[in-house]
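Asker: Once you've had a glance at the structure underneath, I'll fire off some questions.
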Amino acid sequence: MELKDYIRNIQDYPKKGILFRDITTLLQNKEAFKYAIDKMAEQVANEKIDYIVGAESRGFLIGSALAYKLNCGFIPVRKKGKLPYKTISEEYALEYGTDTLYMHEDALKKGDRVLIVDDLIATGGTALAMIKMVEKLNAEVVASSFLIELKELNGRKEIEKYPINVLIEY
């Protein structure tokens with residue numbers, strides 16, 4: 001199955017000059033979505049994973065489905081004010097600005113093995129912020145998985161100390 005056929009391109013979103021890779025068209029196709037999750041699970045099948053850490057909102061969609069498939073827990077990473085308990089945070093750079101992510105301070109413990117998941121890796125800022133929070137909680141990042149990689153933005157270099165799994169490259 002050619003997953004690129006299920007990705008819609010939207011020019012100038014969320015701002016002028018950005019070509020947005022819209023995965024909603026992949027998510028609405030049950031065969032494509034299942035295929036993508038199955039393939040992402042295959043890429044990390046040999047890892048012992050206790051938790052998937054995924055950022056809102058598309059990382060929730062991919063990450064929770066993958067957590068179900070891998071029979072592990074899911075840890076949500078959110079924007080400010082969205083988590084009800086005490087949090088840790090990490091500021092990060094996007095290809096079009098900066099933001100801050102938050103995770104519950106008790107989400108992970110020493111020895112937990114974590115897979116970082118998001119819909120795409122662009123500049124690597126979101127993934128790096130998630131990695132830093134996992135490490136602040138003394139858990140172990142075993143790998144990262146992304147549906148899409150925007151190769152020209154070279155986000156891979158930000159997190160290259162960990163194995164990186166990608167299904168679709170642009």
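Asker: Rounded to the nearest 5, what is the percent of antiparallel bridges among the DSSP beta bridges in the stretch 1-133? Kindly include the intermediate steps, with their values, before the conclusion.
Answerer: Details: 13 of 22 bridges.
Antiparallel: roughly 60 percent of the beta bridges in the stretch 1-133.
Asker: Moving on to the next point. Taking only C-alpha pairs under 8 Å that are 6+ residues apart, what is the relative contact order of the chain in percent? Provide the component values of the computation, followed by the final result.
Answerer: Numbers: 344 pairs, mean separation 31.2, N = 170.
Rounded, it is 18 percent for the chain.
Asker: Let me ask another. Which shape class applies to the stretch 122-170: rounded if a/c is under 1.5, otherwise prolate when a/b exceeds b/c and oblate if not, where a ≥ b ≥ c are the square roots of the Cα gyration tensor eigenvalues? Write down the numbers at each step before the final one.
Answerer: Numbers: a/c = 2.57, a/b = 1.84, b/c = 1.39.
Cα axes put the stretch 122-170 in the prolate bin.
Asker: Given charges of +1 on the Cβ of Lys and Arg and -1 on the Cβ of Asp and Glu, with all other atoms neutral, how large is the dipole of the chain about its Cα centre, in debye to the nearest 20? Provide the component values of the computation, followed by the final result.
Answerer: Details: 25 positive and 26 negative charges, 68 e Å.
Here the size comes out at about 320 debye.
Asker: HN-Hα J couplings of the stretch 53-69 from phi, Karplus 6.51/-1.76/1.60, θ = phi - 60°, integer Hz, Gly and Pro as x?
Answerer: Here the 3J(HN,Hα) series is 10, x, 8, 5, 9, 5, x, 5, 5, 6, x, 6, 5, 5, 4, 4, 4 Hz.
Asker: I'd like to check one number: the per residue accessible area of the stretch 48-135, probe 1.4 Å, reported in Å² as a whole number. Intermediate values should be presented prior to the final figure.
Answerer: Numbers: 4040 Å² over 88 residues.
The answer is 46 Å² per residue.
Asker: Normalised radius of gyration for the chain, please: alpha carbon Rg relative to 2.2 N^0.38 Å, two decimal places. List each step's numbers first, then the result.
Answerer: Values: Rg = 15.2 Å, N = 170, 2.2 N^0.38 = 15.5 Å.
Its radius of gyration relative to the 2.2 N^0.38 Å reference: 0.98.
Asker: Let me ask something additional. What base-10 log of the normalised intensity I(q)/I(0) is obtained for the stretch 1-46 from the Debye formula, alpha carbons as equal point scatterers, at q = 0.16, 0.17 Å⁻¹?
Answerer: At q = 0.16, 0.17 Å⁻¹ the computed log10 ratios are -0.52, -0.57.
Asker: A follow-up question, please. Over the chain, with every protein chain in place, what whole percent of the accessible area is carbon and sulfur at 1.4 Å, could you tell me? Walk me through the numbers on the way to the answer.
Answerer: Numbers: 4080 of 8790 Å².
Carbon plus sulfur share of accessible area: 46 percent.
Asker: Using the Karplus curve 6.51 cos²θ - 1.76 cosθ + 1.60 with θ = phi - 60°, what ³J(HN,Hα) values do you get for each residue of the stretch 73-87, in whole Hz, with x for Gly and Pro?
Answerer: Coupling constants for the stretch 73-87: x, 10, 10, x, 10, 10, 7, 4, x, 9, 9, x, 10, 4, 10 Hz.
The values are calculated or read from the model by the stated rules, or taken from the named source; none is laboratory data. This is a predicted model, so every value here is computed, not measured. All Cβ positions, glycine included, derive from the backbone under ideal geometry; neighbour counts span all protein chains shown. The area values use the complete protein model at the heavy-atom level, side chains included, leaving out ligands, DNA and RNA. Shrake-Rupley method; radii C 1.70, N 1.55, O 1.52, S 1.80 Å.
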